[in-house]
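Here, each number is a calculation from the coordinates, and none is a lab measurement. On a predicted model such as this, the values are computed, not experimentally measured, just so you know. So basically every Cβ, Gly included, is an ideal-geometry build from the backbone, and we count neighbours across all protein chains shown.
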């Protein structure tokens, strides 16, 4: 069942054009729609905060519409400045986001679902199961709440938190339209990264839209045997089908694809894995982002050592594939998504 973000009361999930159309039916002038739209994108939680509207209009709007929000329930600040948020949504569900600081600006990693259906064996979010999709307004509210709490303008967005963005495709597309709106937060599409575990049909559709965002593909294996063992999605779309779609995406958009590769000791970090991976990626405009796997309780996985990570990079580069090891931020606050929600709901998080 498709996530229904066209609920009539969810005002923040509507575009400016949609609000203008509805306000016209209400007999309101066009400029009122722009006023309300701008308030919504400043992160207001209640119509009473829209101070340039009359009291009568604010009351009318509050009876007809709702404003989605994401309340900070927990906040952890790392010694490196990274901030981990656990947000509580109006129905009591929880999602996580991570605010990170780089030389190019402030970035946030946000969630697109409550939980996840993909069941990747190394992922904490998947262990909690799937509850529901997020609406566009709930995705947007994470960015707004973190910005208001930190007092910082967020310039870069990564859809790599809880959930599979392409499994909540319509809501994510609407979020992208909203967050890049010149009348809203006006984030550049080139400053947005979307991570997928490999929903091939949606990759083709996304390519045809030519949105100019960065596509990050969670590959995590050099072949089908290892990938099917760690990522069930590979049983539906194998690596050949996935990489064919990725090449189509890079050819269609001219954008380089970032392949995410979680380094798991003794599973996918051997020399032959690097060489086989390089062969697979030949001919694709690609960059490999190596990520030391998180120590999630119950998986039995351990991250590859630093020497092994460096060796993997050198082997890839020797085959003409650019690769880097992702900078680890917020390790002292369990910055990877999925842990705080599990603990909030009575589960366990990272190994001590």
Of all DSSP beta bridges in the chain, antiparallel share, percent nearest 5: 45 percent
Angle in degrees between helix 16-25 and the longest Cα principal axis of the chain, rounded to the nearest 10: 30 degrees
Residue order, fewest to most beta carbons within 10 Å, for 174, 229: 229, 174
Whether segment 149-227 is rounded, prolate or oblate, judged on the alpha carbon gyration tensor where a/c under 1.5 counts as rounded: prolate
The chain: angle of helix 55-64 to the longest principal axis, Cα-based, in degrees nearest 10: 50 degrees
Burial ordering of 284, 203, fewest other beta-carbon atoms within 10 Å first: 284, 203
Potential extension, residue 170-residue 63 segment - 0.36 nm per residue separation minus Cα distance: 35.8 nm
Mean ellipticity per residue at 222 nm, deg cm²/dmol - from DSSP H runs of n ≥ 4 across the chain, formula -39500 (n - 2.57): -10500 deg cm²/dmol
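Given R₀ = 51 Å, FRET efficiency for residue 45-residue 244 by Cβ-Cβ distance, to 0.05?
It comes out at approximately 0.70.
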Packing-based exposure ordering (other Cβ within 10 Å, fewest first) of 67, 157: 67, 157
Förster-model FRET efficiency, 51 Å R0, residue 9 and residue 324, C-beta, rounded to 0.05: 0.70
Average Cα contact separation per residue, segment 11-64, under 8 Å, 6 or more apart, as relative contact order %: 25 percent
Anisotropy class of segment 11-64 from Cα gyration tensor, a/c 1.5 cut: oblate
Prolate/oblate/rounded call for the chain, Cα gyration tensor, a/c under 1.5 rounded: prolate
Rounded Å value of the spacing that divides the Cα centres of segment 131-203 and segment 225-248: 24 Å
Segment 71-344: relative contact order in percent, alpha carbon pairs under 8 Å with at least 6 residues between: 19 percent
Separation of alpha-carbon centers, segment 5-38 and segment 89-128, rounded to whole Å: 29 Å
Principal-axis tilt of helix 306-318 within the chain, Cα atoms, nearest 10 degrees: 90 degrees
Most mobile listed residue (249, 65, 102) in the chain, GNM with C-alpha springs under 10 Å: 102
Length-normalised contact order of segment 127-211 in % [C-alpha pairs under 8 Å, at least 6 apart]: 32 percent
Segment residue 282-residue 119, extension gain: residue separation times 0.36 nm, minus the distance between their alpha carbons: 55.8 nm
At R0 = 56 Å, FRET efficiency that the Cβ-Cβ distance of residue 132 and residue 225 yields, to 0.05: 0.95
